[in-house]
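Some notes on the structure that comes next.
The values are calculated or read from the model by the stated rules, or taken from the named source; none is laboratory data. Given the structure is predicted, the values throughout are model-derived calculations rather than measurements. Using ideal geometry, Cβ is built from the backbone for each residue, glycine included, and neighbour counts are taken over all protein chains shown. All accessible areas refer to the heavy atoms of the entire protein, side chains included, with ligands and DNA or RNA removed. Shrake-Rupley method; radii C 1.70, N 1.55, O 1.52, S 1.80 Å.
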Amino acid sequence: MFNSEIWKRQAQIVCDVLQKAPAFDKNFLLPASEFTARQQKVWTMLQKEGFDCGIVYSDEHYCGDVPYLAGNTNIIVEPVAAVIAKNGLYFIAGLESGIVAEQFCHRSGVKIRKVDILRVDDKDYPRHLLRPRDIIEEACGGKPRNIALLTTRSLFPLGLFNTLREYVGEENIRDLSLSYYRIKYEKSELEMRLIEDSCRISDSMLEGMLRILRPGLTETQVAQWGYCIANELGAEDMGFKVMVTSGGNNRTIVARASNRVIREGDIVHIGVSPKRDGLCGAQRASVMCVRKPEDVTKDYRMWMDFLKGAYHTAVTEFETIAKNGLPGYLHEQAMIDYYEAQAPALRKKSGLPLEHFSALKGYVTSHNSGYTECQECYGALSCDFKDPLANTMVLMLDVGLKGFYDTWDDVAIPGLDYIVIEKTAGKFGKQVRILNQLPVDLQPFVGEAF
């Protein structure tokens, strides 16, 4: 049942957080010159590879590839594609997504063309509507000899692919997404400005949500204040929906908020990823829902102390790689080595076997970002990443510890479902800077609303 007194107390706490939050130019958008430069880089790559055009695709969930060339499409539900060729960039947009694109995309110089994008390979496709081939020929100045997929085949929709295959033949279609993603990997000064805006907004979101945290709230009630703060500060969207998980829900690792009631003593994980003009950073943290930091349990403190050490190692290793121009794969190997090196001491302290301890990391420690929070499809410093790092780039440093192995029932650490520290790192030449300004240990923010 709604409790007005508790809600008003939370509102006052959030008000206090907002009053000290940094101010952002909410009207700042990437200029036309940014998109001209991007499009020229991609077109130059396509010409070098011998292709007449390239096709990108995005939907509401996988939303990075089209906005990079065309600007923040702000689409909802209906997907969008675009073709780049000698005559410029053209939308192959859905009937509604094409209308929405009018809002922000004219600055990129894209020509807006509309198709029934969900039915492009339907035998009963409406005759009065444009087809993708009509738009491609307008962009190319005639029928192309070949077509490059700039969005990876694993995400490119089958219906659109079928129309392209019928149009030019499958032998004349090639996946060049890796080359496209390498171009996107290098960030501009303005991209980094917007990503840093996102990170500073995430600071306020996380601080506000932690300060209002108290037993008896549902996860969704905590999440509502994250959205409130983000929108107040100028975030139009999220790289992912606000994450609030507690107790056993932490085993999901990355789930959005549910209506589970948070109890005193629960471990609570919060994650946020506000967007500025389509670009995002992120921040995640785990705390214990207790009145004051001294009330956290001995076991929880032990695991969090380990994780703070892991995070420090992640930052230090990334700094070393950036400074010395080392291969990116060394980062993940160093993190695996750190977990394994700490395992004997943790076994002794906990009395647990902790077999294959590095498997409890959960996933690769780093990943790329930009127009998506983690679906850039390139650039995570995994053990098989042998490409050079970009000169200017953003990287999520994401250290976690699971309490289970492959399934929820395969328990490795009783009472610990999942804890995490994630912040956004910016690489500027040989220098690395964490773009979030909150401290690593956020437990002192909890307890004000009890």
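Miscellaneous remarks
- Here S350, S369 are screened, and the one residue that is among the hydroxyl-bearing types (S, T, Y), out of contact with any Cys (no Cβ under 8 Å at 6 or more places or on another chain) and in contact (Cβ under 8 Å) with a residue 40 or more places away in the chain is S350.
- Screening the candidates Q342, Q375, Q333 for the property of being at pLDDT below 95 and not charged (D, E, K, R) yields one hit, Q375.
- Taken over segment 17-46, the residue count meeting the criterion of being free of Cβ contacts under 8 Å to residues at least 12 places away in the same chain and either part of a helix (DSSP H, G or I) or surrounded by 18 or more Cβ atoms within 10 Å (Cβ to Cβ) (or both) is 4.
- Residues located in segment 396-435, provided they are under 28 Å from E264 (Cα atoms), touching an Asp or Glu at 6+ places or on another chain (Cβ under 6 Å) and not acidic (D, E): G403, F404
- Within segment 296-334, the set of residues being of a type in the set (D, E) and in contact (Cβ under 8 Å) with a residue 24 or more places away in the chain comprises D299, E319, E332.
- Scanning segment 383-406 for residues that are open to solvent by 50 Å² or more (accessible area, probe 1.4 Å) and more than 23 Å from G351 (Cβ to Cβ) yields a total of 5.
- Single residue of segment 436-448 satisfying the filter (open to solvent by 10 Å² or more (accessible area, probe 1.4 Å) and among the hydrophobic types (A, V, I, L, M, F, W, C)) that is nearest to Y311 (Cα to Cα): V440
- Scanning segment 62-83 for residues that are open to solvent by 10 Å² or more (accessible area, probe 1.4 Å) and closer than 15 Å to E34 by Cβ returns a single hit, N72.
- Selection within segment 132-162 - farther than 23 Å from K184 by Cα and basic (K, R): R133, K143, R145
- Filter result for the condition that a residue is charged (D, E, K, R), part of a loop (DSSP other than H, G, I, E, B) and without any contact (Cβ under 8 Å) to a residue 24 or more places away in the chain, over D409, D384, D337: D409
- The residues on offer are A11, A81, A32, A85, and the sole one that is within 23 Å of the chain's Cα centre (by Cα) and of a type in the set (A, V, I, L, M, F, W, C) is A81.
- Total residues in segment 340-381, condition part of a loop (DSSP other than H, G, I, E, B), of a type in the set (G, A, S) and surrounded by 15 or more Cβ atoms within 10 Å (Cβ to Cβ): 5
- Among residues of segment 201-219 being more than 17 Å from D16 (Cβ to Cβ) and not β-branched (V, I, T), the one that is surrounded by the most Cβ atoms within 10 Å (Cβ to Cβ) is S202.
- Selection over segment 149-176 of residues that are open to solvent by less than 50 Å² (accessible area, probe 1.4 Å), under 27 Å from the mean Cα position of the chain (by Cα), in contact (Cβ under 8 Å) with a residue 60 or more places away in the chain and closer than 19 Å to I117 by Cβ gives a count of 7.
- Failed condition for M393, given (1) assigned to a strand (DSSP E or B); (2) closer than 23 Å to I270 by Cβ; (3) under 15 Å from the mean Cα position of the chain (by Cα): (2)
- Checked against the criterion of being assigned to a loop (DSSP other than H, G, I, E, B), modelled with pLDDT of 95 or more and aromatic (F, W, Y), segment 47-57 contains one or more residues that satisfy it.
- Restricting segment 421-435 to residues that are under 16 Å from the mean Cα position of the chain (by Cα) and among the charged types (D, E, K, R) leaves a set whose member that is surrounded by the most Cβ atoms within 10 Å (Cβ to Cβ) is K423.
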